[in-house]
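Okay, structure first, notes after.
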Amino acid sequence: MRDDLPHILVVDDDTRIRELLRTYLRDNGFWVSVAANAEQAREKMSALQFDLLILDVMMPGESGVELTQALRAGTNNIPILMLSALSHSDDRIAGLASGSDDYLAKPFEPTELLLRIQNILKRHEPAAGPSDVTFGACAFNLKRGELKRDGNPVRLTTRERDLLRMLASRAGDTVPRQELAPPGTEDSARSVDVLVNRLRGKIEEDPALPVHLQTVRGAGYTLYVD
């Protein structure tokens, strides 16, 4: 399978449904990861960038609605398709009100699921432009948020990934510190500086003498790409 195929995370406590969806979606051209609950989903999302979340509403512990609300409150805009055995209109409204992009009642036709996924992904397609930027030994895929150094994957935290994506999308320009802090947070300029230093440790030959991710004194940071 190609590396640029959409990557979907299926979150459902029903093992049978997880495996059926994994097989069906892989057969229809997607990368697929699975999680049995919200906790596992958070772990996978901290390490990988997904293009779509298929989320069961009724799960033990944190429900699908609660997970969606938490993601949206944290400014995570990953597309979400909710699945639920609850088909009443009030349940559907609650799911959409929590921040999901679509809601599909169980049982459903696989073809309908596929069409809904395709429609959601189409709505969330990024603007045209280069998907990869390179700097030194590193290559960063803007769409997938994946960093490689000398061809080997480099693990990024969610905050590191978001920061690198912002810098890479405006390569060569100075990005002010306040824009690098997520909206609605209390991140100070100092916390952004600490994050930048951590990122330099992953992309620079000598983090103490950065070549690619440079400080613009009194203003912010600039990422210089090839």
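The values are calculated or read from the model by the stated rules, or taken from the named source; none is laboratory data. Predicted, not measured: the structure shown is a model, and the values here were computed from it. Please note: Cβ atoms are built from the backbone with ideal geometry, for glycine as well, and neighbour counts cover all protein chains shown. Surface accessibility is based on the protein's heavy atoms, side chains included, excluding ligands, DNA and RNA. Shrake-Rupley method; radii C 1.70, N 1.55, O 1.52, S 1.80 Å.
At 222 nm, what value in deg cm²/dmol follows for the chain if DSSP H runs of at least 4 each add -39500 (n - 2.57) and the sum is divided by all its residues, to the nearest 500?
Using -39500 (n - 2.57) per qualifying helix, the result is -11500 deg cm²/dmol.
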Between L96, L25, L209, which gets the highest mean-square fluctuation from a Gaussian network model of the chain, Cα cutoff 10 Å? L209
Gaussian network model of the chain, Cα springs within a sub-10 Å range: biggest mean-square fluctuation belongs to which of I203, I117, I93? I93
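Keeping all protein chains in place, calculate the accessible area per residue for the range 26-72 (probe 1.4 angstrom), answer in Å². Before the final figure, lay out the partial values.
On the way: 2030 Å² over 47 residues.
For the range 26-72, the solvent-accessible area averages 43 Å² per residue.
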Let me check against my output: what whole-number percent is the relative contact order of the chain, with C-alpha pairs under 8 Å and at least 6 apart? 13
Roughly how many Å² is the accessible area per residue of the range 141-226, as a whole number, for a 1.4 Å probe? 55
Quick one: give the max-minus-min coordinate of the C-alpha atoms of the chain along each principal axis, largest first, in Å. 57, 39, 29
Accessible area of the chain with a 1.4 Å probe: how many percent of it is carbon plus sulfur? 52
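I need the shape label for the range 11-128. Rule: rounded when a/c is under 1.5, else prolate if a/b > b/c, else oblate, with a, b, c from the alpha carbon gyration tensor.
Details: a/c = 1.13, a/b = 1.05, b/c = 1.08.
The shape class here is rounded.
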Excluding the sites themselves, what is the longest stretch of the chain that contains no GluC sites (Glu not before Pro) in a DSSP loop with at most 16 other C-beta atoms within 10 Å? 63-185
With each pseudo-label sitting 7 Å past Cα toward Cβ, what's the E179-R155 distance in nm, one decimal? 3.1
Can you tell me what percent of all Cα-Cα pairs in the range 147-226 are more than 14 Å apart? 61
